[in-house]
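The values are calculated or read from the model by the stated rules, or taken from the named source; none is laboratory data. Bear in mind the structure is a predicted one, so any value in this text is a computation, not a measurement. All Cβ positions, glycine included, derive from the backbone under ideal geometry; neighbour counts span all protein chains shown. Surface areas here come from the heavy atoms of the whole protein model, side chains and all, with no ligands, DNA or RNA. Shrake-Rupley method; radii C 1.70, N 1.55, O 1.52, S 1.80 Å.
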Amino acid sequence: MSGSFSSAATMHESLSIPHDRDVTVYLEDLANRLKDLDSKDQKNDEQHWMLINRVLAYAASAEQHIAEQQSRIQELENLSTTDELTGLANRRALRDFMHRTISSARRYNEQGVLAFLDLENFKAINDTHGHDAGDRMLQKLAEILVTNLRSTDFVARLGGDEFVFVLQKADQKQAIARAHKIRELISQCSINAPRSQIKISASMGLAIYDAQSTFESVMRAADEAMYKDKTARKALV
């Protein structure tokens, strides 16, 4: 018996769980070592293996539970930063992105353009054609933005009929021209309604961000520019 205790102590000292190793693989290895540990002790074999099987079953259950918990945590994190209707990032995700982007601009002296979009006559569209038409318009706008932005750019729905896209690490003149081209593409699109087609149009305000910017200052400047554009467009009607 003392030999068994000595062997167990030796086994315990030689076994450790590397951080990158699957716990089930580790326990299976432990089971194989235990199998050889008391091979001559026939009396305890049955209890011995019952215990091992219980440990393995527990390990598998624990691993599955951890995986499910991690999946649920990821799902909740995604919900907290994603707009449910359009699948775009939401205001919280935009704020986090801009904080990182402006930090990078300070470190590497970068600049870019933030565009603030506000759909025109959106309330009237909801009132006249129903909220289903309004939802489809929001989804269509999201699709246009995602399709026409680079993978390195960013787009978010702030809520209601307000959207923001960010052209990061971009030449100021080229980025402004690109933003206006995207607004032009938006104005060429429409959605189907029961008795008509509804054209999509949006007011847009642009703001430059650089190493001296803050998220609040860039958003405020873009918002103010958007309202000036909205006022000017109404005056032309």
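Tabulated results
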| quantity | calculated |
| --- | --- |
| Matching residues in region 136-154 - criterion: being part of a helix (DSSP H, G or I) and more than 18 Å from Lys199 (Cα to Cα) | Val146, Thr147 |
| Selection within region 170-189 - in a helix (DSSP H, G or I), crowded, with 16+ Cβ neighbours inside 10 Å and of a type in the set (A, V, I, L, M, F, W, C) | Ala175, Ile176, Ala179, Ile182, Ile186 |
| Residue that is surrounded by the most Cβ atoms within 10 Å (Cβ to Cβ) [pool: residues in region 200-213 that are touching a strand residue (DSSP E or B) at 6+ places or on another chain (Cβ under 7 Å) and of a type in the set (A, V, I, L, M)] | Ala202 |
| Residues that are among the small types (Gly, Ala, Ser) and free of Cβ contacts under 8 Å to residues at least 40 places away in the same chain, drawn from region 174-194 | Ala177, Ser187, Ser190 |
| Gln197 vs. criteria loosely packed, with under 13 Cβ neighbours inside 10 Å, free of Cβ contacts under 8 Å to residues at least 40 places away in the same chain and assigned to a strand (DSSP E or B) | yes |
| Residue list for region 104-138, filter: loosely packed, with under 14 Cβ neighbours inside 10 Å and over 27 Å from Val166 (Cβ atoms) | Ala124, Asp127, Thr128, Gly130, His131, Asp132 |
| Region 91-116 residues that are within 13 Å of Ser213 (Cβ to Cβ) and in contact (Cβ under 8 Å) with a residue 40 or more places away in the chain, paired with ones that are of a type in the set (S, T, N, Q) and open to solvent by 60 Å² or more (accessible area, probe 1.4 Å) (beta carbon under 8 Å, 6 or more apart) | Ala105/Gln111; Gln111/Gln172; Val113/Gln172 |
| The lone exception for Arg157 - which of (1) assigned to a strand (DSSP E or B); (2) charged (D, E, K, R); (3) more than 17 Å from Leu119 (Cα to Cα) it fails | (3) |
| In region 151-167, the residues that are over 23 Å from Arg233 (Cα atoms), modelled with pLDDT of 95 or more and open to solvent by 30 Å² or more (accessible area, probe 1.4 Å) | Phe154 |
| Residues (assigned to a strand (DSSP E or B) and of a type in the set (A, V, I, L, M, F, W, C)) located in region 106-135 | Val113, Leu114, Ala115, Phe116, Leu117, Leu119 |
